[in-house]
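Enquirer: This structure is in structure tokens; I'll ask about it shortly.
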Amino acid sequence: MTRRSAVVAVLTGDVVGSSTIKDRRQLNATLKKLFKQLRKHVPGTVREMEIYRGDSFQGVMAPEHVLRAALVIRAGLRQWDLPKGGSVRKGTTMDRLPDARIAIGIGTVSYRSAKVIESD
């Protein structure tokens, strides 16, 4: 009898316009805060959300909760309280708060690494 892998959802995203944000530490702290909220309010997280390349992120969760997780991330970024005057680099077209491009994949895991971004 072969063991069947559970079906999971992989949420991958990046922050749109992140290069216009002066304080990258604030961006990192905001993403970590959002991921903490996910653990608390979105059940079914299989693997912790990871940040890579500064503004990209990825995590694994139960498929029935992945859309809610995507909405929490986007809504959290959209309501981010950037400091007035100087939060966005001058000369950029970013006149709104940050947003995220998010992709969702659903399927089985064929290779599991210690890091989500190294897994298949």
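The values are calculated or read from the model by the stated rules, or taken from the named source; none is laboratory data. Please read these numbers as outputs of a predicted model, since none were measured by experiment. Every residue, glycine as well, gets a Cβ built from its backbone with ideal geometry; the counts of neighbours run over all protein chains shown.
Enquirer: Considering only segment 109-117, I want to know if a residue exists there that is within 26 Å of SER19 (Cβ to Cβ), modelled with pLDDT under 90 and not in a helix (DSSP H, G or I).
Expert: Looking for residues that are within 26 Å of SER19 (Cβ to Cβ), modelled with pLDDT under 90 and not in a helix (DSSP H, G or I), one finds at least one in segment 109-117, hence yes.
Enquirer: Kindly indicate whether any position in segment 21-34 is touching a helix residue (DSSP H, G or I) at 6+ places or on another chain (Cβ under 8 Å), outside any helix (DSSP H, G or I) and among the basic types (Lys, Arg).
Expert: No, the conditions are met nowhere in segment 21-34.
Enquirer: Could I ask something else about it? Name the single residue, out of those in segment 70-105 being more than 16 Å from the chain's Cα centre (by Cα) and either among the basic types (Lys, Arg) or at pLDDT 75 or above (or both), that is farthest from MET49 (Cα to Cα).
Expert: It comes out as LYS90.
Conditions tested, residue by residue: (1) within 19 Å of VAL109 (Cβ to Cβ); (2) at pLDDT below 85; (3) surrounded by fewer than 17 Cβ atoms within 10 Å (Cβ to Cβ); (4) within 10 Å of the chain's Cα centre (by Cα).
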site: ARG3; (1), (2), (3), (4): yes, yes, yes, no
site: ALA9; (1), (2), (3), (4): yes, no, no, no
site: VAL15; (1), (2), (3), (4): no, no, no, yes
site: SER19; (1), (2), (3), (4): no, yes, yes, no
site: ARG24; (1), (2), (3), (4): no, yes, yes, no
site: ASN28; (1), (2), (3), (4): no, no, yes, no
site: LYS33; (1), (2), (3), (4): no, no, yes, no
site: MET49; (1), (2), (3), (4): yes, no, no, yes
site: GLN58; (1), (2), (3), (4): yes, no, no, yes
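Enquirer: Identify all residues within segment 96-112 that are over 12 Å from ALA9 (Cα atoms) and exposed (fewer than 11 other Cβ atoms within 10 Å of the Cβ); write none if there are none.
Expert: Restricting attention to segment 96-112, the residues satisfying the condition of being over 12 Å from ALA9 (Cα atoms) are 96-102, 110-112.
Listed by number, the residues that qualify are ARG96, SER110, TYR111.
Enquirer: Let me ask another. I'm checking my understanding of the structure. Among residues of segment 38-47 that are over 11 Å from the mean Cα position of the chain (by Cα), outside any strand (DSSP E or B) and surrounded by 15 or more Cβ atoms within 10 Å (Cβ to Cβ), which one is modelled with the highest pLDDT? Steps first, answer last, please.
Expert: So the first thing to find is which residues in segment 38-47 are over 11 Å from the mean Cα position of the chain (by Cα), and the list is 39-47.
This time we only want the ones that are outside any strand (DSSP E or B), so: 39-44.
Right, trim to surrounded by 15 or more Cβ atoms within 10 Å (Cβ to Cβ) and you get 42, 44.
Working: VAL42: 81, GLY44: 73.
By that ranking, first place goes to VAL42.
Enquirer: Looking only at segment 4-28, count how many residues are small (Gly, Ala, Ser) and within 20 Å of LYS115 (Cα to Cα).
Expert: 4
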